[in-house]
Every structure is written in structure tokens, then in C-alpha cells.
Amino acid sequence: MSARAAPPAGPLRIGPIVAGPGSRHTGSLRAIQLADGSWVEFPLMVVAGTRPGPTFYVGAAIHGDEINGIEIVSRVVRAVDPRALSGTILAVPVQNPLGLRGQHRFPVGLLLKSPLDQSPADMWACFPGSPEGNSTERMAAVLYEQVIARAEVLLDIHTPTTGGRYAPFAFLPPRRLGAGARRAEELARVFGADFILDAEQGMYVGDGTPHVVLTARGGVGLGVELGEGGRLEAEPVERGVRGLTNLLRALGMLPGPIEALGRQIVIQRMTAVRCQRGGLLHLEAELGGDVAAGQVLATVTDVFGEVVERIRAPHAGPLVRITTFPTVASGERVAQIGVLR
């Protein structure tokens, strides 16, 4: 199951880091300059093994409220002994430093200043970026050209937006990309996701997402969603640590057995379930479990305590995502149900 092994070369140079065999480094990679003269910089971790092997990229917090991934990346990469590693790990635990400052998906300060100029604002959707574009596109270009493009395999770690929670869930590049997309499904199973989204349409297969871009250019990329946005959670972090360790072992980069994890159910899309009435939301179905058509997923009560709506599943399937905000307005998403492949 190992990926193509690159032959030994000279020291790896990324920004200020020069990584020879058997070494570990932390540093920062300069991206864009702000009005006060300070620079936005990506935190960078590099572990160079003593034997040939794949170059593996792992990134987190490309949306600034996706906190769990930061902990997953730092824990796993810090624990790797370079003497036991085959290949190279490139890790960027915070792919959107400006977003993290405000714990918001996007760089809020720039959006408030000049919202029209900051479109596109979602860095995740504008890879490989452009050195001549707006601030978001320029940050994507630096990250892609100087780090991601060096990798053969990519894992992009997410959570949903603040106020939402996913069961451990992986998303793949579209099948039209051929062998790389099929290899991504194998790695999603190794990671141990409960649900694996194999879609041909929608945001998870957008042409500007990093896992799709790398796969289209001959690598293998996939992403995972773990836990809830805006929180640091012990259980999703532990699950992510185990899954990421599995990947490094499956790629032949680290020794050790691959742990069996997750339900590994493949879905082709998710149905968003929305409320019709506003009020307080009371969830009644279990995240990650299977629901029947017509089953009550949640109730909505008004501020006087009266039940004003019972929200039912439109079809059977696994409950992949729930809303955790206690209040809802008409039309807000309450849950997402997977449709099996």
C-alpha cells in the first residue's frame, strides 16, 4: 500500500528551513504583508526521514474556526522520530492564520475593510492560487507552490462551521480523476472514517480545493471532517491522531500495525434537512447512527415552550451532521443524512 518512493536527494529547502535526512524542524513561511508592516506567516513543521519514501503533506485550519485539526497535526508530527521515518512529512497546522486570529472561517478583518475586493474569500476553494490575485489567492499560491506541490499525498483536516458537528467523515476527489481518486478512497478507509463521501458534484469536489488540485496533477489528496467548529475536543482529536498515524503506517513511512477504525460507509451525497419554524432546537436522533424515513430528528419549540415543529427524516440513511446551535430560524439546516452509494 506504500506510495511511490522518491530517491534520496539533497537537503529539502522550504523558506528558512533546510532539512537534511534524519532531522526535524519548525519555522514559518512568509505569505502576505499587512498594513502595519507585519507579515502573515504559515507555521511549518518538517520531518525528514533517514530512508527514501513518500513526501506527505498534512494541513489543518484552512478555515479559522477548525481548531481540532491543529491539535491533531501537532500531536502526530511532534511524536514522529525522524530516525524511524521513511520519506518526508510536511505539515502546516494553521493554513489560514488570519482566520484563526478571529476564530472565523475567513479573514474577517480584510473582509470588513474591503469586502468586494476579498472575493474569493475562502482560501480552501481557490487553489492553486495566484501570486497576482487578492490576499486570499496569494496566500493559497504561497502554500501550494512552496509546500503542497512537493507532496505525493495530501490530507486536509477540517471541522464543520461553528455550530455544527460531523461524525468522522472523509471526502474524496471526483472519480473522473482516475486512479488517484480510487487511491484516495483506500486511504480514507485506512484513516478510519465512519463515512466516505464519493461525490461527483458539490463543494467537496470543487476544482479549486487542494485535494482535487493535487490529485489532478498526479498526486493523491483527500480530506476529513472531525468534530465541531470553534471547539477543541478530546474525542475527535484522539480519533484524528489514530487515523493520521494509520495513514503514515499504510504509506510505509512509519512502522507498526494499521488499526481498524470507523464504519467506512461510502455515501454519494448528503441531504440537508431544514426547519420551517424558528425557536429552540431539541435534537432527538444520534449523530452517526442510522435513521428511518419519517423518523423524528428534532423538535422546535417556541419561546413559550410549545412544540411548533417536528422535523422528520425525508429518507433513510446515516445521520452524518447535526446542528449544535440551540436556536434556529426558518430555513436553517438542522441535519444532513447520507445517501448510500
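The values are calculated or read from the model by the stated rules, or taken from the named source; none is laboratory data. Quick caveat: nothing in here was measured; it's all calculated off a predicted structure. Here the Cβ positions follow ideal geometry from the backbone for every residue, glycine too, while neighbour counts run over all protein chains shown.
The table below gives the values:
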item: Tally, over the stretch 287-327, of residues that are touching a strand residue (DSSP E or B) at 6+ places or on another chain (Cβ under 6 Å), in contact (Cβ under 8 Å) with a residue 60 or more places away in the chain, on the phi < 0 side of the Ramachandran plot and in a loop (DSSP other than H, G, I, E, B); result: 2
item: Tally, over the stretch 328-341, of residues that are on the phi < 0 side of the Ramachandran plot, modelled with pLDDT of 95 or more and not in a strand (DSSP E or B); result: 3
item: Scope the stretch 277-286; condition closer than 20 Å to Y166 by Cα, assigned to a loop (DSSP other than H, G, I, E, B) and in contact (Cβ under 8 Å) with a residue 24 or more places away in the chain; matching residues; result: A285, E286
item: Pairs, first aliphatic (A, V, I, L, M) in the stretch 255-269, second modelled with pLDDT of 95 or more and part of a strand (DSSP E or B), C-beta under 6 Å, six or more apart; result: I265/F195; V266/I196; I267/F195; I267/L197; I267/G338; I267/V339; I267/L340
item: Tally, over the stretch 250-259, of residues that are farther than 19 Å from D194 by Cα and buried (at least 18 other Cβ atoms within 10 Å of the Cβ); result: 3
item: Selection from the stretch 103-145 of residues that are under 20 Å from V212 (Cα atoms), among the polar types (S, T, N, Q) and part of a helix (DSSP H, G or I); result: T136
item: Flag if G240 is under 30 Å from V80 (Cβ atoms) and buried (at least 19 other Cβ atoms within 10 Å of the Cβ); result: yes
item: Some residue of the stretch 74-95 being among the polar types (S, T, N, Q), in the same structural domain as L154 (by TED's automatic domain parsing), surrounded by fewer than 18 Cβ atoms within 10 Å (Cβ to Cβ) and assigned to a strand (DSSP E or B); result: no
item: Entirely in the stretch 146-256, the helices (runs of 4 or more DSSP H) that have 3 or more residues that are outside the structural domain of C126 (by TED's automatic domain parsing), closer than 24 Å to G49 by Cα and touching a strand residue (DSSP E or B) at 6+ places or on another chain (Cβ under 8 Å); result: none
item: Candidate set from the stretch 107-163 (those that are of a type in the set (S, T, N, Q) and under 17 Å from the mean Cα position of the chain (by Cα)); member that is surrounded by the most Cβ atoms within 10 Å (Cβ to Cβ); result: T159
